[in-house]
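All remarks here apply to the structure that follows.
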Amino acid sequence: MNVLVINCGSSSLKYQVIDSDSEKVLAKGLCERIGLDGRLVYQPAGADKEITEVAMPTHKEAVKLVLDALVNPKSGCLKELSEIGAVGHRIVHGGEKFTKSTLITDEVIKTVEECNDLAPLHNPANIIGINACRDLMPGVPMVGVFDTAFHQTMPQKAYMYAVPYKYYEQYGVRKYGFHGTSHSFVSKRVAEVAGADLKNSKIIVCHLGNGASVSAVLNGESIDTSMGLSPLEGLVMGTRSGDIDPSAVEFIAKKEGLDFAGAMNVLNKKSGILGVSEISSDFRDLLAAEKEGNKKASLAIDMFAYRVAKYVGAYAAAMNGVDIIAFTAGVGENNGYLRGKVCAYLEFLGLSIDAKANEVAGEEQKISTADSKVAAYVIPTNEELAIARETVALVK
Ligand code: ADP
């Protein structure tokens, strides 16, 4: 079956068509600058990218342009749209309502809408994408795959914030965690690759991309994760501060004359490695600057690695041990130097890294030595494939 995987952001839409039998990507691309000038990128397997500047006032036009590109007689990967058997939608926030992926119905959309105030930037865009697809592909089954669902197994002691209990009861204030599709995919895959029994394992997944989070996966279930009510908590990220004393936020806001929205904007968009380095949110720029002797770039990199290592240490305590540490996403997959910096803090766990193996980029690879007490792996994540698999499982 061909599955169209859709990931809608506030002004963008990423897509892939995956043949679920061979698990090959038939075409992929994205729509950018939706609501502004509009840009469609379409890339069929084995061919060059086609880039078209084209107006797309809303996500509905964007979806229509994607569908047209997929069946374009010249370069389309499909003859007709009926070759799409199902659509899998990434949905950011499922609150406590969704503990796993689900077939999308009117009722489900209503329930997702109830989670909107937990993810005001993301969920409304996800719903617009879903509605656009339902309008343009009536009768095609659609599945929602939630970033939060995998972490719904966390015990209450892990997900509660120590604030008055009524805020949890009245408003659902708690840790939810994100990147769940990736943490689920990578924890399962690393157990497979390592020949471990997932149901009897202690795995820590470090998803280190522009957004970054660590999770503790005990016997196949997430028992803790570094992101919280929103993706702002936890690690130092590209532009997000991660953990910070809330009093510092009040202090900065007062000094700078910022309201809540202004302060949150600083923490979400102007902080992290960008804020500290004053150079870039992209690790490649920072690594280049560090090589040239830039001290702030070097500090930002050190802060990032230190924070990751602290979470790994905490999660080893949460699980009373750790068997496997997996690195994934942009930085985790591609950069041995940063992985090495994180792992250097973890020798106390009995982790020993094979420097040569750790040079790997973008491929599955064991990076710990044969006699290391804890195994470490690089496992490329594949959220689109995970969404396609979940989708097929529910529509078949
Ligand atoms: P997201 O999906 O959250 O946007 P990604 O998982 O694509 O993020 O990761 C993006 C980050 O990965 C960027 O900071 C980028 O610099 C970093 N990255 C990608 N390739 C490399 C590399 N070879 N070395 C270091 N960092 C890399």
Looking at segment 234-273, which of its residues are part of a loop (DSSP other than H, G, I, E, B) and within 13 Å of the ligand (Cβ to nearest atom)?
-> Leu235, Val236, Met237, Gly238, Thr239, Arg240
What are the residue pairs meeting all of these: first residue in segment 333-344, first residue outside any helix (DSSP H, G or I), second residue modelled with pLDDT of 95 or more, Cβ atoms under 8 Å, and 6 or more apart or on different chains?
-> Asn335/Phe283; Asn335/Leu287; Asn335/Ala361
Kindly list the number of the only condition in (1) within 16 Å of the ligand (Cβ to nearest atom); (2) within 27 Å of Ile244 (Cβ to Cβ); (3) of a type outside the set (A, V, I, L, M) that fails for Pro380.
-> (2)
Kindly check whether there is at least one residue in segment 274-285 that is part of a helix (DSSP H, G or I), within 15 Å of the ligand (Cβ to nearest atom), modelled with pLDDT of 95 or more and in contact with a Phe, Trp or Tyr (Cβ under 6 Å, 6 or more places away or on another chain).
-> no
Subset of segment 85-142 that is free of Cβ contacts under 8 Å to residues at least 24 places away in the same chain, assigned to a loop (DSSP other than H, G, I, E, B) and not hydroxyl-bearing (Ser, Thr, Tyr) - its residue that is farthest from Thr391 (Cα to Cα) | Pro120
Name, by its number, the condition in (1) modelled with pLDDT of 95 or more; (2) surrounded by fewer than 20 Cβ atoms within 10 Å (Cβ to Cβ); (3) more than 19 Å from the chain's Cα centre (by Cα) that does not hold for Thr99.
-> (3)
Inspect segment 323-334 for any residue being in contact with a helix residue (DSSP H, G or I) (Cβ under 8 Å, 6 or more places away or on another chain), within 22 Å of Ser201 (Cβ to Cβ), within 16 Å of the ligand (Cβ to nearest atom) and open to solvent by 50 Å² or more (accessible area, probe 1.4 Å) and give the result as yes or no.
-> no
Filtering segment 227-240 down to residues that are open to solvent by 20 Å² or more (accessible area, probe 1.4 Å) and over 16 Å from Arg174 (Cα atoms) yields Thr239, Arg240
What pairs can you find where one residue is in segment 273-288 and within 8 Å of Ile301 (Cβ to Cβ), the other is open to solvent by 50 Å² or more (accessible area, probe 1.4 Å) and within 10 Å of the ligand (Cβ to nearest atom), and their Cβ atoms are less than 6 Å apart, with a gap of 6+ or different chains?
-> none
Residue match in segment 243-261 (condition: in contact with a Phe, Trp or Tyr (Cβ under 6 Å, 6 or more places away or on another chain), of a type in the set (Gly, Ala, Ser) and under 21 Å from Phe304 (Cβ atoms)) | no
Which strands (runs of 3 or more DSSP E) does segment 1-84 wholly contain that include 3 or more residues that are within 20 Å of Val392 (Cα to Cα)?
-> 2-8, 13-19, 24-32
State which residue pairs qualify: first residue basic (Lys, Arg) and inside segment 61-72, second residue open to solvent by less than 10 Å² (accessible area, probe 1.4 Å) in any location, beta carbons under 8 Å apart, and separation of 6 or more residues or different chains.
-> Lys64/Ala132
Glu347, sole failed condition from (1) open to solvent by 50 Å² or more (accessible area, probe 1.4 Å); (2) in contact (Cβ under 8 Å) with a residue 40 or more places away in the chain = (2)
Report the residue count in segment 335-344 for those that are open to solvent by 40 Å² or more (accessible area, probe 1.4 Å) and within 16 Å of the ligand (Cβ to nearest atom).
-> 2
Looking at segment 286-298, which of its residues are more than 14 Å from the ligand (Cβ to nearest atom), farther than 19 Å from Arg339 by Cβ and part of a helix (DSSP H, G or I)?
-> Lys295, Lys296
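The values are calculated or read from the model by the stated rules, or taken from the named source; none is laboratory data. On a predicted model such as this, the values are computed, not experimentally measured, just so you know. In this analysis, Cβ positions are derived from the backbone assuming ideal geometry, glycine residues included, and neighbour counts consider all displayed protein chains. To get the accessible areas, we keep the full protein, side chains included, count just its heavy atoms, and leave off ligands, DNA and RNA. Shrake-Rupley method; radii C 1.70, N 1.55, O 1.52, S 1.80 Å.
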